[in-house]
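A short write-up of the structure that comes next.
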Amino acid sequence: MRISIAMCTYNGAQFLQKQLDTFASQTYPPYELIVCDDGSTDATLALIESFVRKVAFPVRIFKNERNLGSTRNFEKAIGICDGDLIALSDQDDEWYPDKLARMHRLFEELPEALAAFSNADIIDDESAFAGRKLWRSIGVDFSPGERVPYVYTGIVSSLLKLDYIATGATMVFRSKLRDQFIPIPGSWPHDAWIAWISALRDGLAAFPAATIRYRVHTRQQIGVAPPSLVDKLAIAQKDAVIFRLIASRLKDLQLYLQQHKDDKQLAKFIPDLKAKIQHLEGRASLSGSVFHRALWVLRSWREYQRYARGPKAMVIDAFIVSGERSGGKAGQ
């Protein structure tokens, strides 16, 4: 199977060369590299153009006339790829040399897999290991003792709890899946949408081993959850906004399912998705005294088990309330 790399760039010169070098060192060479640049004004394009002259595989560069943003830019890059498999790439990570070889083998051994994502080792600006794994940092851990890939048919249950589990920087999918997820709704990050669509079709595979070094730095658009309790509590104070954002995205997904309701595989998830949206909207609207919040939380304990992080989320909602939900200013 031929593997295309779909890479989106935007003023990424600081770390880009290291990522490009890891493409060149793959033990299973890519069929092609597709780069869609979103209007870089630094040395990004010069680095890529220099890279073209050093590698045997084709590199096609597309310069956007206007800034599309991450989701639309990735949608464009994905649509251009000619390979049987498409590997997504950010501009600031570093791939292990056997990443494409492992993913190629995964899709050969798992014909039911439509998309796959892996774990990753987290590195800092200097490419030093941070001592953390990506899955643990975002709060997921699928069969931590396993080192082999598998299609996780119950992964929708995890998505309903966590909303986001598959990082695009580690993701590879069959090109035939494009017809199922394009166009990507503007409210969604591209990788989260692809993960949901493949999971709803029982085709999302998890690979517990790390296939890349995932860089966490101050300039990246989407990172991983900070490890400190102080930071986690600060995030909790903004939860009403987050709940409404996720609910809005899930309404787009609900519309997608309704448009495909003749597909029994997809239609069976409509009730759960509706209930998840209602639960998020209820959590976003929590207000009043601790007693009234705690009462609502206790009455909704079944929903917290199915659509949130269980007791942890219940405690946060009952006793940590944002300024928006309490009607006052945050911090008062």
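The numbers here are math on the coordinates, done by the rules we state, and not lab data. Because the structure is predicted, anything quoted here is derived from the model rather than measured. Ideal geometry is used to build each Cβ from the backbone, glycine not excepted, and the neighbour counts take in all protein chains shown.
Residue separation of R302 and D252 scaled by 0.36 nm, minus their Cα-Cα distance, works out to 15.6 nm of gained length. Once the chain from R132 to V241 is taken as fully extended at 0.36 nm per residue, the excess over their C-alpha distance is 36.4 nm. For the chain, the Cβ-based charge dipole about the Cα centre amounts to some 1100 debye (Lys, Arg positive; Asp, Glu negative; other atoms uncharged). Between D202 and R53, the modelled labels are 5.3 nm apart [label points 7 Å from Cα along Cα→Cβ]. Shown here for the stretch 47-111: GluC sites (Glu not before Pro) in loop regions (DSSP other than H, G, I, E, B) with at most 12 other Cβ atoms within 10 Å, namely E65.
Each other residue within a Cβ distance under 12 Å of I194 adds +1 if Lys or Arg and -1 if Asp or Glu, for a net charge of +1. Quick check: from the Cα gyration tensor, does the stretch 17-84 come out rounded (a/c under 1.5), prolate or oblate? It is oblate, given that a/c is not under 1.5 and a/b is not larger than b/c. Decide, for the chain, between rounded, prolate and oblate: order the square roots of the alpha carbon gyration tensor eigenvalues as a ≥ b ≥ c, take rounded if a/c falls under 1.5, and otherwise choose prolate if a/b is larger than b/c, else oblate. Prolate, since a/c reaches 1.5 and a/b exceeds b/c. Between the alpha-carbon centres of the stretch 89-104 and the stretch 245-281 there is a gap of 32 Å. Separation of the alpha carbons by more than 28 angstrom is noted, of K161/K268; K176/K264; K76/K276; K18/K76, for K76/K276. Restricting the calculation to alpha carbons of the stretch 23-152 gives Rg and Dmax of 16.4, 47 angstrom. Between A43 and N67, the distance separating the two model label sites (each 7 Å from Cα on the Cα→Cβ line) works out to 2.3 nm. Taking every DSSP bridge with both residues inside the chain, close to 30 percent are antiparallel. Among the trypsin sites (Lys or Arg not before Pro) in the stretch 66-140, those located in a DSSP loop and surrounded by at most 14 other Cβ atoms within 10 Å of their own Cβ are R66. Rounded to the nearest 500, the helix-only mean residue ellipticity at 222 nm of the chain stands at -12500 deg cm²/dmol, with each DSSP H run of n ≥ 4 adding -39,500 (n - 2.57). Ordering L100, S50, Y150 by Cα displacement along the dipole of the stretch 3-215 toward the positive end leaves Y150 in first place; charges were set at the Cβ atoms of Lys, Arg (+1) and Asp, Glu (-1).
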